[in-house]
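K.L.:
Before anything else, here's the structure in question.
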Amino acid sequence: MDLNYYLEYVFWVPVFLWVGLHFWFRNVSYVVFMKKQVNRGQKWAYVSEGYVKYPGRVSFLRFCDVMFSLVVAVATASVVVWSLKRYGLESLADYGFASVLVFFLLSYLMIRRTELKLTDLFQSAFYLEYRWVNYEIQCKGIAMSEENVRDRAGLSFARKLRNAEDHHRFWKYVKAMAASKKAPPEMFEVY
């Protein structure tokens with residue numbers, strides 16, 4: 001086989017690296033964002049017990065985020081430089097490694113987009129649980145402030161997510177809660 005034949009496939013390596021980076025941010029490294037939200041006092045954020053007991057794991061995930069982003073940015077920039085040299089644009093290829101910063105910025109934007117999607121997903125799931133807790137309290141006729149209802153909903157939400165995590169169906173449960181249309185009817189306003 002010819003070396004150029006193999007180099008044709010090198011062009012697709014960054015595409016697979018970007019897809020892998022997206023799944024890394026979405027399924028593994030989301031804990032970094034959730035930990036930050038828990039520290040801010042958000043009731044909808046959930047961090048599994050393994051990361052609460054061992055906070056060094058979150059620091060390691062932060063480090064891995066930076067390293068994986070850097071590896072993907074360098075790999076993509078090297079393919080850009082290789083492509084420019086191959087197609088006769090050697091003068092631009094000398095500046096091709098400056099694109100590492102652009103690709104690193106692109107990975108940061110990917111992190112932000114993933115965080116926004118996770119925020120929407122977890123807030124939708126939490127809002128469903130909040131409405132059910134509020135409905136149960138109002139059916140019992142208990143007068144309770146909104147902050148107390150929110151605290152109860154946060155505890156109930158965390159308990160359900162911990163149970164789903166124990167049964168290895170965490171993401172399936174969160175997505176099902178966020179997409180659920182089984183919301184209770186509104187009875188009264190909570191003051």
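Computed from the coordinates by the stated procedures, all read-outs in this text should not be read as laboratory data. None of these values were measured; they are calculated from a predicted model.
K.L.:
By a straight-distance test (C-alpha under 30 Å), which lysines pair with LYS181 as possible cross-link partners, with residues fewer than eight away in the same chain excluded?
P.N.:
Filter leaves LYS35, LYS36, LYS43, LYS117, LYS140, LYS160, LYS172.
K.L.:
Ok, one more. Short version: ³J(HN,Hα) in whole Hz for each residue of segment 57-62, in order, from phi by Karplus 6.51 cos²θ - 1.76 cosθ + 1.60 (θ = phi - 60°), x for Gly and Pro, what are they?
P.N.:
Going residue by residue, I get 5, 5, 5, 5, 5, 4 Hz, with x marking Gly and Pro.
K.L.:
Kirkwood Rh and Cα-based Rg: tell me the resulting Rg over Rh for the chain, rounded to two decimals.
P.N.:
1.16
K.L.:
Can you compute 3J(HN,Hα) from phi for each residue in segment 21-28, using the Karplus curve 6.51 cos²θ - 1.76 cosθ + 1.60 with θ = phi - 60°, rounded to whole Hz and x for Gly and Pro?
P.N.:
Ordered by residue, 3J(HN,Hα) equals 5, 4, 5, 4, 5, 6, 10, 10 Hz.
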